[in-house]
1. Separation of the range B:53-92 and the range B:238-314 by C-alpha centroid, Å?
2. Mind pulling the angle between the C-alpha long axis of helix B:135-147 and the longest principal axis of chain B? Nearest 10 degrees, somewhere in 0 to 90.
3. For a quick check, take a GNM of chain B with Cα springs below 10 Å and name the residue from B:56, B:225, B:239 with the largest mean-square fluctuation.
4. Going by average Cβ density within 10 Å per residue, which order do the peptides A:186-193, A:219-226, A:394-401, B:190-197 take, highest to lowest?
5. Classify chain A as rounded, prolate or oblate from the Cα gyration tensor: take a ≥ b ≥ c as the square roots of its eigenvalues, call it rounded if a/c is under 1.5, otherwise prolate when a/b beats b/c and oblate if not.
6. Would you compute, from DSSP H runs of 4+ residues alone, the mean residue ellipticity of the protein assembly as shown at 222 nm, taking -39500 (n - 2.57) per run and dividing by the full residue count, rounded to the nearest 500?
7. Which of B:173, B:200, B:243 moves the most in a Gaussian network model of chain B with Cα springs under 10 Å?
8. From Cα pairs below 8 angstrom and at least 6 apart in sequence, can you work out the relative contact order of chain A, rounded to a whole percent?
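Bear in mind these aren't lab numbers, they're just calculated from the coordinates by the rules spelled out. As the structure is a computational prediction, the values presented were derived from the model and not from experiment. With ideal geometry, Cβ positions are generated from the backbone for all residues, glycine too; neighbour counts draw on all protein chains shown.
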């Protein structure tokens with residue numbers, strides 16, 4: 001032994017704070033080893049070689065034949081679109097391997113117990129996560145780009161009838177990258193929730209099935225898009241790429257949150273204790289804090305538990321208000337466009353229209369129930385979809401009301417019906433609008449909390465507390481207030497609206 | 001070097017480690033013993049900043065496990081229960097990979113990797129893939145990995161469990177040599193003989209709680225009581241045990257032997273021998289009945305079990 005004194009040889013490159021260069025530099029140590037390891041595995045090498053060289057050749061040959069065959073029957077366009085279609089397929093097949101590699105590098109390491117020595121090193125969770133994510137993406141993307149390039153070269157070399165526009169080719173490359181990123185990021189989430197490769201492979205269907213559906217949609221778009229030959233690429237494919245980027249960012253955030261030492265080592269067996277989860281949520285519904293301290297009685301619950309949860313909603317409420325203002329402005333803007341303006345003259349808005357159009361033949365009691373149910377249904381729907389979409393769905397489902405409000409404002413105010421708008425919205429809106437904002441904020445928080453749980457909380461723990469907060473606020477505030485809003489709308493708004501209308505007529 | 005204060009860890013409602021307070025000085029070897037599931041691994045994981053404690057604090061090599069997790073891990077070498085080697089890699093490659101993680105410069109890490117591998121008898125397999133290594137070789141390589149960055153604190157989980165006697169001795173010798181550099185060791189093991197051979201101090205942990213802490217002599221005194229002496233005579237004892245009763249506490253006797261306890265064997269034993277001479281009894285041997293660590297361990301654990309049953313029934 002040469003050791004003369006116990007002084008660690010570790011030399012930190014972090015300095016005062018870790019920059020992204022430091023993170024990347026440390027992450028690449030992991031990436032290099034993993035990529036090297038992947039390229040030593042014949043089960044990865046052989047498919048990559050086949051998909052890089054043989055399959056593009058076959059795809060190019062098939063595209064040429066189909067194109068020639070369809071040309072005989074005057075369907076040149078469809079025949080030509082097979083060329084970018086196969087380019088997409090050539091790119092997609094190799095990246096499907098990224099899913100396998102990602103599952104292997106994360107859950108495989110866990111299964112072989114080789115992860116703990118890595119976790120015992122000074123690397124941060126993010127460095128490990130970035131290193132492994134890159135490692136899972138590099139070999140398949142290399143194969144993918146190699147295959148696509150080979151396909152394009154053979155296409156050029158064989159002098160194909162139609163050469164795809166450059167932007168369409170770029171689109172295919174971009175879609176390939178984001179698809180790989182979504183699959184790898186999804187695989188990390190799946191891997192961290194399992195302890196065996198078998199379970200991870202079963203759960204991977206939640207990634208591969210939606211991804212296959214997206215590829216099918218992309219295929220249909222390639223063949224049917226009216227701008228299939230545009231020099232700016234296919235517009236719909238840009239939207240898909242953008243959606244995938246958002247999905248990838250959210251999944252990467254979730255992955256980074258989940259990929260921490262406690263989550264990785266704390267899970268010993270794959271078991272789902274539904275009763276245990278429900279019990280915990282029940283506990284947090286009654287709790288006055290995040291430790292689960294139970295409220296003494298219903299009064300204490302209203303006095304301490306509900307305000308505690310409401311305080312957590314500050315940021316989500318601000319985000320929701322901002323989003324709703326944007327949606328309102330969009331509605332207002334649409335109302336300014338030619339062809340979207342309503343012909344507002346006095347015979348359109350009458351007392352009779354309001355009466356029959358308002359309740360649709362329902363009694364007042366039925367109207368209260370209907371209005372309450374309608375509002376609750378929208379918020380419930382937003383909640384359910386938010387929970388499985390990292391909160392994004394909240395801002396797709398709920399804000400449509402604000403687009404409509406913006407649109408109505410754009411029509412009624414210039415036409416001199418401001419009083420009418422105020423009468424139709426304010427009496428019940430003063431209660432209903434804040435509740436819709438709060439409801440949307442709660443749903444957004446429930447979905448988005450998994451992407452960044454509060455410090456010191458695991459994803460699962462944070463999610464259960466968020467469910468407790470959600471139910472607490474829904475039962476304690478939103479639902480009672482929506483009943484009040486429905487009563488106001490039926491018994492106050494409509495009479496006021498009627499009298500305003502009478503004065504207008 | 002290692003200092004913990006009321007270190008506690010909960011997994012949901014399960015208390016895995018309960019208020020563990022420890023201090024291990026530089027150059028000291030501490031053996032942590034305990035039944036399976038006692039909380040040893042969780043304690044080690046908290047000490048290496050892999051798991052955050054639910055409450056309490058710990059300082060390793062001067063760094064706080066919560067405030068400075070990266071620096072803690074940089075100054076600790078860990079041999080995990082499962083070695084977790086990458087089978088397709090070669091031994092030297094593997095060490096080079098970890099050397100890069102610790103950001104040791106290339107010449108130093110290569111030199112050190114070779115030296116350590118040779119020191120542990122792995123010189124012949126430097127360039128062999130680890131899939132071809134025997135179980136013992138893998139364990140030795142994992143140990144080398146833990147020592148590669150020359151950490152001042154080493155936490156070793158079952159360091160010689162898969163090794164043949166010769167390899168196990170190599171590892172024990174290395175530990176003895178390394179502690180001379182004021183290096184701190186904490187060993188968790190089920191091999192009580194090894195713990196007895198290596199450790200300066202023993203900690204026994206059960207249900208996450210420390211139930212015994214001290215040197216083997218201290219524990220022996222504390223748990224087994226005063227030293228037990230055995231006197232063997234030529235022929236029968238002829239009532240010797242009654243004659244000794246006013247000098248020592250006789251524990252047991254047989255046809256030609258007497259066992260007694262005394263707090264001061266150095267002063268009592270000559271008197272006992274004198275008495276035998278006076279009585280004309282020929283002494284064959286007088287020796288201390290040594291209590292092994294195994295006896296101490298079993299007694300501590302059994303007593304704790306009894307205590308636990310009692311408190312449950314109350």
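1. The two parts, judged by their Cα centres, are 45 Å apart.
2. Between the helix axis and the principal axis of chain B, the angle is about 70 degrees.
3. So, out of B:56, B:225, B:239, the one fluctuating most is B:239.
4. A:186-193, A:394-401, B:190-197, A:219-226
5. Oblate is the answer for chain A, as a/c is 1.5 or above yet b/c matches or exceeds a/b.
6. Taking each H run of at least 4 residues, the total per residue is -18500 deg cm²/dmol.
7. In the Gaussian network model the winner is B:243.
8. Rounded, it is 15 percent for chain A.
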